[in-house]
Amino acid sequence: MTNERSRPKVLLVVSHPDHESATWAISRAVEQGIQDGNTTAAVHDLTASGFDPVFRPADLAVHRLLGGVPADVRREQELIESADVVAVLFPVYWWSMPALAKGWIDRVFSRGWAYENTSPDGPSAVKELHFIALAGINQGTFDRRGYKDAITLQLEHGIAGYPEIAESSVEVLYGTETSDPHAHEELAAQGYKLGSGLAQRAQAAFDRKVALG
């Protein structure tokens, strides 16, 4: 199928209720890095969207192959399908994702779509999934206690690996809980660089789609 979009696209999924937070400041820097790479950045605010993260009987029916995908879940899947690359950006809560982001994964990454997909295009409808985790504490604490390894195992191997998503990564930005403006400038610079990298990935994926027709 010919790709009808004229530019590559990154879907940036953000989970945080406060637009004045460090999370959103960094997400805006990531967005700018994507856009400066001649790539469309579609920012999906999970809080504002009103998405329900609770895994309910209808979702269990989907998992058991006994029911159709709920309409709100299908809308999220269509957002993912419209992009070349998906990135999920979130603050680290209790050494994991916020409940809203995890519930989004639980419901949207459903059986028969995110994994065990019988499409000739591969076992998963999600082709690239990248995580940007924002840690309030410093890198030394993460390294000393093995938190980075634990989060990477959970996200890259447990979430992206199980559905056999072809490309995935986990990036952690540290020290977001600070009032130092220079530290926030550095975090924004790191976010911009990550956005540039996502744009390059999206361009490569887009070019492959065009080449395949």
Mind checking which helices (runs of 4 or more DSSP H) fall wholly inside region 134-213 and carry at least 1 residues that are in contact with a helix residue (DSSP H, G or I) (Cβ under 6 Å, 6 or more places away or on another chain), closer than 19 Å to residue 86 by Cα and open to solvent by 20 Å² or more (accessible area, probe 1.4 Å)?
-> 181-212
Collect the residues in region 99-114 that are more than 21 Å from residue 66 (Cβ to Cβ) and open to solvent by 30 Å² or more (accessible area, probe 1.4 Å), keeping them in residue-number order.
-> 99, 100, 102
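If only one of 71, 41, 48 is open to solvent by less than 30 Å² (accessible area, probe 1.4 Å) and either within 29 Å of residue 205 (Cβ to Cβ) or out of contact with any Leu (no Cβ under 6 Å at 6 or more places or on another chain) (or both), which one is it?
Among 71, 41, 48, only 41 is open to solvent by less than 30 Å² (accessible area, probe 1.4 Å) and either within 29 Å of residue 205 (Cβ to Cβ) or out of contact with any Leu (no Cβ under 6 Å at 6 or more places or on another chain) (or both).
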Residues of region 122-165 being in contact with a strand residue (DSSP E or B) (Cβ under 7 Å, 6 or more places away or on another chain) and aliphatic (A, V, I, L, M), in sequence order, are 126, 129, 132, 133, 134, 135, 151, 155, 160, 165
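Looking at 28, 7 in this structure, which one is open to solvent by 80 Å² or more (accessible area, probe 1.4 Å), out of contact with any Pro (no Cβ under 8 Å at 6 or more places or on another chain) and part of a helix (DSSP H, G or I)? Walk me through how you get there before you give the answer.
Details: 7 fails: part of a helix (DSSP H, G or I).
Exactly one of 28, 7 is open to solvent by 80 Å² or more (accessible area, probe 1.4 Å), out of contact with any Pro (no Cβ under 8 Å at 6 or more places or on another chain) and part of a helix (DSSP H, G or I), namely 28.
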Kindly indicate whether residue 84 is without any contact (Cβ under 8 Å) to a residue 40 or more places away in the chain and either within 26 Å of residue 167 (Cα to Cα) or charged (D, E, K, R) (or both).
-> no
Across region 74-98, what is the number of residues that are more than 17 Å from residue 15 (Cα to Cα), out of contact with any Leu (no Cβ under 7 Å at 6 or more places or on another chain) and buried (at least 23 other Cβ atoms within 10 Å of the Cβ)?
-> 1
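When only residues in region 50-75 that are small (Gly, Ala, Ser) and within 23 Å of the chain's Cα centre (by Cα) count, which is nearest to residue 100 (Cα to Cα)?
For region 50-75, the residue satisfying everything is 50.
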Close pairs (8 angstrom Cβ cut-off, 6 or more residues apart or separate chains): over 30 Å from residue 118 (Cβ atoms) in region 147-174, of a type in the set (Phe, Trp, Tyr) anywhere | 147/95; 148/142; 150/95; 151/95; 171/131; 172/142; 174/142
Give me the pairs: first residue in region 89-100 and within 16 Å of residue 27 (Cα to Cα), second residue part of a helix (DSSP H, G or I) and among the small types (Gly, Ala, Ser), beta-carbon distance under 7 Å, and six or more apart or on different chains, which are they?
-> 89/27; 90/101
Hits in region 10-25 - residues which are more than 27 Å from residue 181 (Cβ to Cβ) and either in a helix (DSSP H, G or I) or not β-branched (Val, Ile, Thr) (or both) = 11
Residue 117, sole failed condition from (1) among the polar types (S, T, N, Q); (2) out of contact with any helix residue (DSSP H, G or I) (no Cβ under 9 Å at 6 or more places or on another chain); (3) loosely packed, with under 14 Cβ neighbours inside 10 Å = (3)
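The values are calculated or read from the model by the stated rules, or taken from the named source; none is laboratory data. The shown structure was predicted, so the numbers you read here are calculated from the model rather than taken from an experiment. Positions of Cβ are backbone-derived with ideal geometry, glycine not excepted, and every protein chain shown enters the neighbour counts. Areas reflect the complete protein model, heavy atoms only, side chains present, ligands, DNA and RNA absent. Shrake-Rupley method; radii C 1.70, N 1.55, O 1.52, S 1.80 Å.
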